[in-house]
Structures are given as structure tokens and as C-alpha cells.
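Notes to accompany the following structure.
The values are calculated or read from the model by the stated rules, or taken from the named source; none is laboratory data. Note that the structure is a prediction, hence the values are computed from the model and not measured. Cβ coordinates were reconstructed from backbone atoms using ideal geometry, including for glycine residues, and neighbour counts include every protein chain displayed. Protein only, heavy atoms only, side chains kept; ligands, DNA and RNA dropped before computing areas. Shrake-Rupley method; radii C 1.70, N 1.55, O 1.52, S 1.80 Å.
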Amino acid sequence: MIPISAPLLGAEEKEAVLAVLDSGQLAQGPRVEAFEQAFAAYCGVKHAIATSSGTTALQTAVLAHGIGPGDEVVTTPFTFIASANAVVSSSAKPVFVDIDERSYNMDPRLIEGAITLRTKAILPVHIFGNPCQMDLIVEIAARHGLVVIEDACQAHGATVHGKKVGSFDTGCFSFYPTKNITTAEGGMITTDDDELADRARLIRSHGQRQRYYHESIGYNFRMTEIQAAIGLVQLGKLDRFVQARRTNAAYLTSRLRGVLTPVEAPGCRHAYHQYTIRVAEGRDRLAQHLRAQGIATGVYYPLPVHKQVAYQKLGYTDCLPVAEKACEQVLSLPVHPGLSGADLDQIVEGVNGRWS
Ligand SMILES: Cc1ncc(COP(=O)(O)O)c(C=O)c1O
């Protein structure tokens with residue numbers, strides 16, 4: 001079976017992990033700091049703060065911006081639930097705007113209509129690794145005095161006019177095993193803001209600057225040395241991985257027939273965390289057909305966040321037709337760097353063959 005994702009870990013990662021085990025220092029230490037510095041340099045920002053996951057990176061970013069009860073955050077319903085849950089976990093309210101039907105990212109034309117006196121932030125998600133229209137989003141945020149928290153959990157290495165995602169204000173990344181690089185579990189916050197970075201570091205570690213002296217409420221959202229050691233090696237491979245994803249994506253796009261293939265806006269570099277096609281009719285039949293041909297696929301996402309039972313219980317009754325329709329039609333195909341030329345041809349034949 002051709003898997004939908006496959007972490008690429010080799011001898012270097014194994015050696016790095018063994019070196020940590022030999023060192024005796026397992027919890028957050030010098031490797032976490034080195035990974036943070038390398039990641040900040042990669043994104044072109046002053047600070048990177050490592051966390052235990054992408055979810056805790058988002059939670060920390062929301063908390064560090066002082067977003068709490070009574071506040072609203074404008075975001076997308078077409079995402080993994082963690083993007084919105086990070087807002088809910090601060091007792092603030094996610095306000096969903098519909099998406100653009102080709103990029104699947106939040107539609108910037110709808111943002112201003114969702115802004116109220118309670119709005120504190122815009123939280124765009126670079127879904128599938130395809131960067132949002134950050135120039136427009138940053139401009140709207142500046143006009144309304146809002147912060148921007150980028151959910152770049154799927155978009156390591158994506159750029160907008162040469163500028164890395166995660167460098168526009170506050171960025172959040174995930175290193176879950178399916179992501180473009182992995183640390184098993186792990187996350188990172190990126191920012192140029194010294195004070196925000198300081199608050200995020202405190203939140204990550206029980207509000208303590210000095211051991212057993214706690215100056216603010218915080219949590220244990222720390223990354224381990226083992227995770228950071230893997231991350232340092234993986235970061236060195238990120239550009240190669242993204243390039244391989246882009247090459248695979250270009251091959252698929254040039255050959256697939258009868259389905260809508262992904263788009264890349266002018267000036268943007270899509271990191272192809274997922275290669276997501278759109279099938280007007282029979283998406284599930286195509287997925288079954290591909291499975292029978294030995295090709296795994298994924299539906300990201302079958303239900304938008306506002307339609308999830310958890311959000312219905314919170315009282316959400318939104319009608320966001322573009323996101324809801326996308327959930328019925330999207331299908332992600334394998335695009336990861338572990339694919340061979342034969343795998344790609346098998347995927348093309350599977351999609352282009354008779355299946356309906
Ligand atoms: C868009 C998005 N946001 C947030 C997360 C949460 O990251 P993690 O699984 O590392 O907590 C993910 C990971 O799946 C994601 O895809």
C-alpha cells in the first residue's frame with residue numbers, strides 16, 4: 001500500500017537520539033535551545049519557543065496574547081480542530097468565516113464582516129501547506145488593531161513573496177509524524193516580539209523564570225531533548241523535503257485528469273503537506289477504488305469545525321456553504337518525499353482510470 005504519509009527518519013536521527021540518552025539530560029535543555037535558534041533562523045524571526053505539540057503552541061500563543069473570556073478570534077472552519085480549540089481553551093470565542101473554494105484557506109474578503117468590538121485576533125490556517133493571502137490579512141489586522149496568529153502547523157517551508165510563513169506576527173508549527181518534518185510530537189511558536197516570546201516561555205513552563213518561583217500561571221508544555229535532537233536533524237532536511245513534495249505535486253498536476261488539482265497563488269510557495277484534489281461527484285468511490293489499487297488517501301476534513309458535535313454543543317449554528325461543500329469533495333493523495341516514480345504513475349493511473 002502506498003501510504004498517505006511517511007516520516008523520513010534515518011541513521012542521523014537515530015544517532016542524535018542515542019546521544020541524548022547517553023547524555024542523561026532528557027527534559028528541556030541545550031538541544032531544545034539549539035533547535036529553537038535554528039528554527040528561528042530558518043523562519044527569519046528573532047524568537048522560536050519549542051513546545052510539546054502544535055496544539056500547545058497554539059494554546060500558548062493565544063494565552064501569551066492575553067486573549068481570554070469575552071474575546072473573539074476570527075478563524076476558519078476548514079481545519080484540524082486544534083486551531084479553534086486553542087481559542088476555546090482560553091475561554092475566548094472562535095468566529096468562523098467561510099473559505100475560498102480553490103485554496104481552501106479563509107476568504108480574506110469575509111474577515112472584516114466578522115470583526116466586532118470584541119475581536120482580538122485573526123487566526124489564519126495555511127491549510128495543506130498552501131499559504132494564506134498574508135498581505136491582505138496583515139493589512140486588515142493592522143487597520144483594526146488586531147494580532148495575527150498564523151496556524152502554520154501544516155506549512156513548514158511555505159513562503160509568501162519569499163517571506164516564510166510564521167514570520168508575519170506569531171506563528172505556530174506542529175512536528176507531528178505526518179508533518180513536513182517531525183519530532184514525533186512537538187511544536188514551535190515563532191515571533192519577533194521580545195515580550196511575547198518572554199510570556200510564551202513562562203506559560204510553557206509553569207510561569208517560572210527561576211526554579212520554584214512562579215510569576216504567572218503556566219503549564220508543562222515543554223519539548224524534550226529527544227524531540228529537539230530529532231528536530232535539529234530534520235530541520236536540516238526540510239528544504240529538500242519541501243522541494244521533493246513540490247516536484248511530486250507538479251508531476252501529479254501535469255497528469256491528473258477529471259479532477260480539480262491544487263492551486264498556488266502568484267508569489268506563494270506551497271509546501272504541499274497534502275496534495276488535495278477535488279472530485280465533483282463520487283469522492284468516496286474514488287477513495288475506495290484507489291484503496292483497491294494499493295493507494296491510501298485521506299479526507300481532510302470530513303466535517304468542518306462548526307459542524308462538529310463539540311461545537312454544536314457550544315451553540316454554533318453557522319452556515320458556511322463553501323467549507324461544507326469542500327468537506328464533501330476533497331481527497332488528499334500521497335505526495336510525500338518517500339514516493340518513487342512508479343508510485344506516482346500508479347497514483348495517476350488510479351485517478352485517471354475508470355472508477356465511477
Ligand atoms: C492545522 C493544524 N493545526 C494544529 C494542529 C495540532 O498540532 P499537533 O497535532 O502537533 O498538536 C495540527 C496537527 O494536526 C494541524 O494540522
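Here the stretch 98-116 is the region considered, the condition is being of a type in the set (Val, Ile, Thr) and either modelled with pLDDT under 95 or more than 16 Å from the ligand (Cβ to nearest atom) (or both), and the residue that is nearest to Val279 (Cα to Cα) is Ile111. Filtering the stretch 268-294 to residues that are over 19 Å from the mean Cα position of the chain (by Cα) and either closer than 22 Å to Gln243 by Cα or open to solvent by 60 Å² or more (accessible area, probe 1.4 Å) (or both) leaves Ala280, Glu281, Asp284, Arg285, Gln288, Arg291, Ala292, Gln293.
If I go through the stretch 174-212 residue by residue, how many of them are without any contact (Cβ under 8 Å) to a residue 12 or more places away in the chain and open to solvent by 70 Å² or more (accessible area, probe 1.4 Å)? Residues flagged as without any contact (Cβ under 8 Å) to a residue 12 or more places away in the chain and open to solvent by 70 Å² or more (accessible area, probe 1.4 Å) within the stretch 174-212 amount to 5. In the stretch 148-176, the qualifying residues are those that are part of a strand (DSSP E or B) and among the acidic types (Asp, Glu), and the one that is farthest from the ligand (Cβ to nearest atom) is Glu150. Has the stretch 121-140 got any residue that is within 16 Å of the ligand (Cβ to nearest atom), assigned to a strand (DSSP E or B) and touching a Phe, Trp or Tyr at 6+ places or on another chain (Cβ under 6 Å)? No, the stretch 121-140 contains no residue that is within 16 Å of the ligand (Cβ to nearest atom), assigned to a strand (DSSP E or B) and touching a Phe, Trp or Tyr at 6+ places or on another chain (Cβ under 6 Å).
Candidates Glu215, Glu225: the one that is among the acidic types (Asp, Glu), open to solvent by 60 Å² or more (accessible area, probe 1.4 Å) and farther than 30 Å from Arg278 by Cβ is Glu215.
The set of residues in the stretch 238-250 being surrounded by fewer than 18 Cβ atoms within 10 Å (Cβ to Cβ) and of a type outside the set (Val, Ile, Thr) consists of Leu238, Asp239, Arg240, Gln243, Ala250.
Scanning the stretch 37-52 for residues that are within 16 Å of the ligand (Cβ to nearest atom) and out of contact with any Phe, Trp or Tyr (no Cβ under 7 Å at 6 or more places or on another chain) returns Phe39, Ile49. For beta carbons closer than 6 Å, sequence separation of 6+ or different chains, a first residue in the stretch 234-252 that is in contact (Cβ under 8 Å) with a residue 60 or more places away in the chain and a second that is in a helix (DSSP H, G or I), the qualifying pairs are Leu235/Ala38; Tyr251/Leu344. Within the stretch 295-332, take every residue that is under 19 Å from the mean Cα position of the chain (by Cα) and hydrophobic (A, V, I, L, M, F, W, C) and give me the one that is most open to solvent (accessible area, probe 1.4 Å). Going through the qualifying residues, I end up with Leu303.
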